[in-house]
1. Identify, from the list B:340, B:303, the residue that is touching a strand residue (DSSP E or B) at 6+ places or on another chain (Cβ under 7 Å) and farther than 30 Å from residue B:255 by Cα.
2. Which one of the conditions (1) surrounded by fewer than 22 Cβ atoms within 10 Å (Cβ to Cβ); (2) more than 30 Å from the chain's Cα centre (by Cα); (3) not in a strand (DSSP E or B) does residue A:225 fail to meet, given that it meets all the rest?
3. Based on this model, can you work out whether residue B:267 counts as of a type in the set (S, T, N, Q), in contact (Cβ under 8 Å) with a residue 24 or more places away in the chain and open to solvent by 40 Å² or more (accessible area, probe 1.4 Å)?
4. Could you count how many residues in segment A:339-391 are more than 23 Å from residue A:295 (Cα to Cα) and outside any loop (DSSP other than H, G, I, E, B)?
5. Check segment A:324-338 and report whether any residue there is away from every other protein chain (no Cβ under 14 Å), assigned to a helix (DSSP H, G or I) and open to solvent by 10 Å² or more (accessible area, probe 1.4 Å).
6. In segment A:482-509, how many residues are within 20 Å of the chain's Cα centre (by Cα) and either at pLDDT below 95 or of a type in the set (Ser, Thr, Tyr) (or both)?
7. Which residues, taken from segment B:170-201, are closer than 13 Å to residue B:31 by Cα, open to solvent by less than 10 Å² (accessible area, probe 1.4 Å) and of a type in the set (A, V, I, L, M, F, W, C)?
8. Can you tell me which residue within segment B:257-288, out of those that are within 16 Å of residue B:307 (Cα to Cα) and assigned to a loop (DSSP other than H, G, I, E, B), is farthest from the other protein chains (Cβ to nearest Cβ)?
Protein chains: 2
Amino acid sequence: MAALMFAVPPLLLLTLTLGLSSGQQSSSLWPLPQKVQSSEVSFKIIGSSFSIVDARESSAGPSCNVLQNAYRRYYEYMFGGNKRRWHNKNRQTGPSELSQLQVWITSPDSECDGYPSITADESYELSVDQSFAVLKAPNVWGALHGLETFSQLVYEDDYGAKSINSTKISDFPRFAHRGILLDSSRHFLPIKVILTTLETMAMNKFNVFHWHIVDDQSFPYLSRTFPQLSQKGAFHPYTHVYTPADVKMVVEFARLRGIRVISEFDTPGHTQSWGKGQPNLLTPCYTGSGPSGTFGPVNPTLNSTYDFMKQFFQEISSVFPDAYIHLGGDEVDFSCWKSNPDIKEFMVQQGFGEDYKKLESFYIQKLLDIVAATNKGYMIWQEVFDNGVKLKPDTLIHVWKGTQEKYQDEMANITSAGYRTLLSSPWYLNRISVGQDWRNYYKADPQDFKGTDEQKKLVIGGEACLWGEYVDATNLTPRLWPRASAVGERLWSAMDVKDLNDAFNRLSMHRCRMVERGIPAEPLIYSYCPREYNGI
Amino acid sequence: MAALMFAVPPLLLLTLTLGLSSGQQSSSLWPLPQKVQSSEVSFKIIGSSFSIVDARESSAGPSCNVLQNAYRRYYEYMFGGNKRRWHNKNRQTGPSELSQLQVWITSPDSECDGYPSITADESYELSVDQSFAVLKAPNVWGALHGLETFSQLVYEDDYGAKSINSTKISDFPRFAHRGILLDSSRHFLPIKVILTTLETMAMNKFNVFHWHIVDDQSFPYLSRTFPQLSQKGAFHPYTHVYTPADVKMVVEFARLRGIRVISEFDTPGHTQSWGKGQPNLLTPCYTGSGPSGTFGPVNPTLNSTYDFMKQFFQEISSVFPDAYIHLGGDEVDFSCWKSNPDIKEFMVQQGFGEDYKKLESFYIQKLLDIVAATNKGYMIWQEVFDNGVKLKPDTLIHVWKGTQEKYQDEMANITSAGYRTLLSSPWYLNRISVGQDWRNYYKADPQDFKGTDEQKKLVIGGEACLWGEYVDATNLTPRLWPRASAVGERLWSAMDVKDLNDAFNRLSMHRCRMVERGIPAEPLIYSYCPREYNGI
């Protein structure tokens, strides 16, 4: 037979129980908070008498859906598994029992009815002590993270009783942009698996869902303005589309978890599916002197193209509330443009010579102006910067190409030009291999490049990307988790949190916690969870 | 962004519906039967009036659980998705309607109450024609395969009505041993995921579940004779063990699907977990002149070892009804034996010199004799053959090592020595990578080595192995399917069935069929299924 072909100590049989021994209770925290002080003093928590309540001084009250929903969600995570709990509301609280978590939103505006944003204050402070615990945060976004941390502090003692240790935590994210990219074009992703992803993102303190919603392969976005796009471009016009109601549900589900939804409508390349429902949008490719019947990137020479884009992005800017739209701009193949006589004539007229990058920039420039007019900011893939397109100062440049050396140079170049940037190159989770690849994700650092402190401050974070060629609802969740969790800690925790052994131990426990919450997060290596995944 | 890094035609958007166009109905058959004749003539099948019944002449009747269970299972597969079906039992059958499948077991002994075996006749003949279809098979094992094939012939026509075309099929497997290996030691596999695997194996005409049940990492098998083995050696003595009732359920669930369960209890290496509950079984390793506290392989010098093995395999031979037990024998590390003074003395006594392979063979020889006395046949990993151990003529030698050239040589050597063999080397499905690795699994052929026709006949088949270092219930099913399906067709279909394009098309549809039956089988590449997986 044979499986011992991997360099792993054969007897590393960790007792992967969730904080079994007292004093070890903070060892399952993921991502690690900025500052944790805990003691051996422990309190029991009993489901039937424990409550999460708004603090009297809090600026958020019972009408704050974000918090009220979160209280129920975290109560369920902490006590849901315990079916035989004692329902005696009149029971006296014992002396070494924690009976309440008070949630105190300190700013006058709790932001309860708003959307999270890149400038949101996500900090919180948590104090667990005799009889009650207090979670203080400037607004609901920090409070959500604090609730997750609180739930991670709860462990089962040797007698199976839920316990929590006296603890003080002060926490905030290292980076403001901590994203996951899913691709719903190579395979249609049913809403259910998107919601599961958002749910799990919250457990890992991610705050951006980058929805690469359409691409060459299919156009599942149902546009109110151009319904033909999905009617013709989706895998199926009814079963494989996202209706406006679906999008609204995803955006709201995300908001309730402090997650922004940034949609990507990538042009001028990656648009084959757009052409099916929108005639004359794509460039007809030529073989010799006649059209070949195939199409290339968006046709940048026609006014109709820009009229279309204007109307389309007008819609997108209202459907997706986030302040940013991702406009793509990567991997434009020039061969079709080069074959087309109208394009060639346009090149001459514009004085572009043979430089098709200039044509690409011409298009992108006009697109950016269109989107800027909708009052949205934009994110673009690195090629747009590389090609010298003029960008608004608030543009976010997304680095995805190359090996470590290459992407470090790119980050240095972008930031030295004064732009903000975020990193994905080392975090293409679709690239699978045998073994613990999470270790490499964990080691990568977006600020690890040659540059000044000012440059480093222009790094807003990163995104783990799960491209969809080989991924659909059947395998997405175990492929994403806990591998993305490694990226989650890198983007949240302090720069010096990088001990791989400690990370391994905490992540092993965190993955079992996700499993216990019903998420099929795959194992790091041989091990067991107290409660194994009970799905298929 | 960027995902177009794989060499795939960007617009290969197959219409992956299950046999949408009539005349194409056999294009989703997997594995491909030996002989298929079909015509354009199609019949409707209506759930409310269709039945699967025993033919009047059949030797199996209503008391045959294997068939009665299968009838219900396949009815559910074919009509289960259609919730709004018309329940009118008195409706007259229409003229172009197929109303019945008659199952005719032709041998006097249907084998209904027996177990499948390596000598089972798995052939069947299927004829679909006006008003009813007939499935003829010598025994229930062939009939099960025929039912699967029949269910694969049913498709939805353009109006969504279930249809089937006039068809004649004559089918039998190319190899008698078509296995899947699961490893329940590196991770405990809940019974549910094992049963799902068996269910899906039947959809792919696999007939052997090789249960690598224990190994270094854990001993989940609850032995009646030596309960301490799992009490001490399992990850958890209650939640992470297979009780006798569990094993019985797995064996019966498999039998009902024509699948043999071959258990593997690998010795003398891969036994760390055995040592926890059975003192003195393993060899104490020495550092200098004293024991180091660690242990090596089974101690082959003590009589108590053989007393234990005798009792243990006595139990195993009665718990697992199959005629074969897999005894392992791979990857024995000699360093611990070399460190131990008692072992060294024994080597001298026996005149083994410094050749620890002789000590290994000494042990294996005694073990084989013990197991032979229980009237079981044995399978062993190739090392046992390589080391020159004397083997019974009916021994099955399992080839797992090496690259193509190496394993082809090994197959040639084994068969030229007159032994039967089976192949796993190219089918280690735990080795994941980006892309369509099923294509390589598909291309490998167990009879592709230099040898005579007589030698080729000694190849009984192969097994796809999914070792458990990185696999548990969270990711097992999508990692196994449809990659293992490629192996399934290689082992079932005729030698000349090897067109990769045709296989791609059929396998894409077969994977959607598995998804529709609730199995999260992952995609081959971008595509869609009419009904996507609706789990997490």
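The values are calculated or read from the model by the stated rules, or taken from the named source; none is laboratory data. Only a predicted model underlies this, so the values are computations on that prediction, with no experimental measurement involved. Counting neighbours? That spans all protein chains shown, and the Cβs are built from the backbone with ideal geometry, glycine included. Protein only, heavy atoms only, side chains kept; ligands, DNA and RNA dropped before computing areas. Shrake-Rupley method; radii C 1.70, N 1.55, O 1.52, S 1.80 Å.
1. B:340
2. (2)
3. Against the criterion (of a type in the set (S, T, N, Q), in contact (Cβ under 8 Å) with a residue 24 or more places away in the chain and open to solvent by 40 Å² or more (accessible area, probe 1.4 Å)), residue B:267 does not qualify.
4. Qualifying residue count for the region: 12.
5. Taking every residue of segment A:324-338 in turn, at least one turns out to be away from every other protein chain (no Cβ under 14 Å), assigned to a helix (DSSP H, G or I) and open to solvent by 10 Å² or more (accessible area, probe 1.4 Å).
6. In the first step, residues of segment A:482-509 are kept if they are within 20 Å of the chain's Cα centre (by Cα); the result is A:482-495, A:507.
Next, from what is left, pick out any that are either at pLDDT below 95 or of a type in the set (Ser, Thr, Tyr) (or both): A:485, A:493.
Qualifying residue count, segment A:482-509: 2.
7. Once the filter is applied, which keeps residues that are closer than 13 Å to residue B:31 by Cα, open to solvent by less than 10 Å² (accessible area, probe 1.4 Å) and of a type in the set (A, V, I, L, M, F, W, C), segment B:170-201 yields B:175, B:201.
8. Result: B:280.
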